[in-house]
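Data block below; observations after.
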Amino acid sequence: MCGIVGYVGERRATPVVLDGLRRLEYRGYDSAGIAIVSDGEITCTRRVGFVAALEAVVPPTLPGTTGIGHTRWATHGGVTEANAHPHLDSTNRVAVCHNGIIENHTVLRSRLEEEGIAFRSDTDTEVLAHLISKFYSGDPEAAVRQALSHIQGTWGIAVVFLDHPGLIVAARNGSPLVVGKGEGETFLASDPHALAAYTRQVVYLEDRDLVTITARGWTISRLDGAGVSRGVEVLGEEWTSEGRGEFSHHMLKEIHEQPESLARGVLGRVVPDEGGARLGGFDLTPRAIAAIRHIRVLGCGTSFHAGMVGAAAMEGLARIPATAEIASEFRYRNPVISADDLFFAVSQSGETADTLGAVREVQIKGGSVLGVVNVVGSSIARSCGRGVYVHSGPEIAVASTKAFTSQVAALLVAALSFARTRVLGPHEGKAFGEELLAVPKRVGEWLAADNPGVMEAVELCAQGKFVFFLGRGVSHAVALEGALKLKEVAYIPCMAYPAAEMKHGPIALLDKRTPVVVVVPDDVMRDKTLSSVQEVRARGARVILVHTEGDAAAQRLADVSIPVPRSSTLISPLFTVLPLQLLSFRAGLALGRDIDRPRNLAKSVTVE
Ligand code: F6R
């Protein structure tokens with residue numbers, strides 16, 4: 001949520017910073033801005049809208065070799081040029097980009113106004129620019145340190161000073177920052193995506209770190225002034241491939257990458273000969289697995305839906321009582337956490353503030369939490385310390401697709417390994433493991449085939465004012481995921497319900513025009529779900545059925561039939577979600593939406 005880029009070196013900073021902003025645009029695209037230190041001034045240019053709008057007006061030949069830039073997802077203050085970052089102090093000698101939220105900005109702003117400062121924006125960030133300027137007396141680092149000592153909230157900041165043209169001061173607390181090591185140049189970004197084209201050698205800052213960056217390198221200290229050293233890490237190959245390739249959109253590319261992303265998640269982890277699975281990152285002994293009394297899976301949005309499937313697998317396969325919880329709600333009810341509970345924190349970005357907050361709540365109360373994370377080195381992965389990377393590869397489209405299936409796969413592998421330790425015999429374990437290993441190829445075959453039902457469903461849904469999604473058990477999680485995708489990508493109002501709950505109220509919404517998407521694989525709930533379909537049909541609504549191929553009875557009840565491969569229940573979400581991903585993509589396209597950058601959204605939600 002919001003992206004920061006910084007550069008100090010020998011090249012002109014403007015193209016490097018703009019390039020980084022383009023790569024980070026998926027983190028926020030309400031406005032963008034850049035501040036370059038050159039020729040005795042800080043040239044600050046900002047524009048509402050995409051980075052392209054900024055590029056069109058930034059003077060291309062600015063000579064400065066130090067610069068910072070920002071792409072914004074608005075929190076405090078509307079989407080205006082005045083509220084775009086960077087923000088300058090009153091004398092235009094200090095420029096600041098900020099991710100996060102300054103909770104005490106109102107009181108700081110009043111104090112500064114009393115001292116005669118005239119504010120130029122409605123943002124919380126502007127107080128930082130004025131505070132740093134106020135405390136500046138020749139030492140940039142000391143000024144930033146002192147200003148931050150007055151701030152309550154979260155920050156990832158990058159600051160440039162007119163008097164120090166070869167220097168950036170940056171600091172992190174709750175909003176990620178990473179330093180990139182070059183030859184005679186140093187980079188800064190809120191996300192390694194911005195850096196991978198320039199360097200793969202990076203240093204992740206920790207909360208309450210402050211770093212001073214020059215072309216020759218960097219010095220990291222703690223906010224209280226104590227020295228600290230952080231190791232250089234090497235970014236994996238996956239960071240360098242982020243083009244759209246042959247695809248028109250990142251979302252479509254990522255949907256079609258699922259055979260490979262799923263293969264990375266299961267190969268080498270599932271061991272059919274043992275009828276089980278190995279996940280070294282969990283670092284749990286069989287004795288510790290046997291002692292787990294309750295599993296709770298935490299996540300937000302799509303990751304929560306994956307967590308619902310994971311919880312069902314933990315309970316269904318491993319026979320451990322398990323629930324999924326929305327991470328943003330979890331910590332505010334002062335949850336009781338027992339030593340024999342095990343938590344999973346599921347997150348694609350690894351930076352979601354709500355999920356990170358839930359992880360900390362668990363840890364404060366002595367609980368044990370394992371990360372199920374995509375982005376290596378991200379805050380949640382680091383906070384958990386133990387866990388599993390889902391290895392989806394970079395997900396650039398704001399709507400999550402391949403991360404969902406990778407998260408589900410990782411949780412299924414974990415459930416298999418726990419199940420084998422506790423209750424599952426080798427034959428059942430082997431069968432489940434072999435089925436999991438076959439999923440990537442079968443997903444690839446389904447995606448490569450012509451699935452005419454998807455386009456027929458698009459026609460019904462794109463015309464509808466409202467779409468209803470139904471499913472039971474793990475298919476309820478898929479229904480929720482399908483509805484979320486259609487809302488965020490096509491902006492069509494949707495609702496998802498456990499199928500049997502429909503008759504307890506929401507059936508009142510149905511009329512002859514309502515498209516109802518029902519996820520009904522051929523499992524133990526099939527007949528019950530088909531009864532709900534009959535109730536839908538009796539109201540004249542239009543039925544789009546995602547069902548197991550060869551299920552003729554289900555097909556007969558459908559206005560639109562979308563068959564998916566046969567699988568066992570717990571594995572079915574890896575297939576049933578595919579048509580729903582394509583439905584939202586195609587519906588978004590038909591309605592002319594900005595598919596990879598839906599309105600009001602951002603990829604990584606680093607504010608509460
Ligand atoms: C939906 C979507 C969001 C995220 C949610 C959590 O397509 O992408 O609902 O799933 O914001 O994000 P992560 O997984 O990064 O914690």
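Kirkwood hydrodynamic radius computed over the stretch 250-448 comes to 16.6 Å, based on all pairs of distinct alpha carbons. Summed over the residues of the chain and divided among them, the accessible surface reaches 37 Å² per residue at a probe radius of 1.4 Å. The stretch 1-66 and the stretch 320-384 have Cα centres spaced 35 Å apart. For the stretch 423-512, taking Cα atoms only, Rg and Dmax work out to 17.3, 51 Å respectively. Placing +1 on the Cβ of every Lys and Arg and -1 on the Cβ of every Asp and Glu, with nothing else charged, gives the chain a dipole about its Cα centre of roughly 1020 debye. Share of carbon and sulfur in the accessible area of the chain stands at 50%, probe radius 1.4 Å.
If you take the Cα centroid of the stretch 556-608 and the Cα centroid of the stretch 415-448, the two points sit 23 Å apart. Extension gain for ILE326-ALA291 works out to 10.1 nm (0.36 nm per residue, less the C-alpha to C-alpha distance). For the Cα trace of the chain, dividing Rg by the Kirkwood Rh returns an Rg/Rh value of 1.00. The gain in end-to-end length when the ALA508 to ALA553 segment is fully stretched comes to 13.6 nm, 0.36 nm per residue minus the alpha carbon separation.
Over all pairs of different C-alpha atoms in the stretch 1-129, the reciprocal of the mean inverse distance, the Kirkwood hydrodynamic radius, equals 14.6 Å.
Extension gain, PHE247 to VAL524: 0.36 nm times the residue separation minus the Cα-Cα distance gives 95.9 nm. Report summary: the helix-based calculation at 222 nm, which adds -39500 (n - 2.57) for every DSSP H run with n ≥ 4 and divides by the residues of the chain, gives -10500 deg cm²/dmol.
Simple spin-label estimate for GLU10 and ARG537 gives 7.4 nm between the two label positions (7 Å along the Cα-to-Cβ direction from each Cα). Residue pairs exceeding 32 angstrom between C-alpha atoms, taken from LYS441/LYS487; LYS512/LYS603; LYS181/LYS402: LYS512/LYS603.
For the stretch 452-590, the Kirkwood estimate of hydrodynamic radius, built from reciprocal distances between every pair of different alpha carbons, is 14.2 Å.
The values are calculated or read from the model by the stated rules, or taken from the named source; none is laboratory data. None of these values were measured; they are calculated from a predicted model. Cβ sites come from the backbone with ideal geometry, for glycine too, and all protein chains shown count toward neighbours. Note: areas computed on protein heavy atoms with side chains; ligands, DNA, RNA excluded. Shrake-Rupley method; radii C 1.70, N 1.55, O 1.52, S 1.80 Å.
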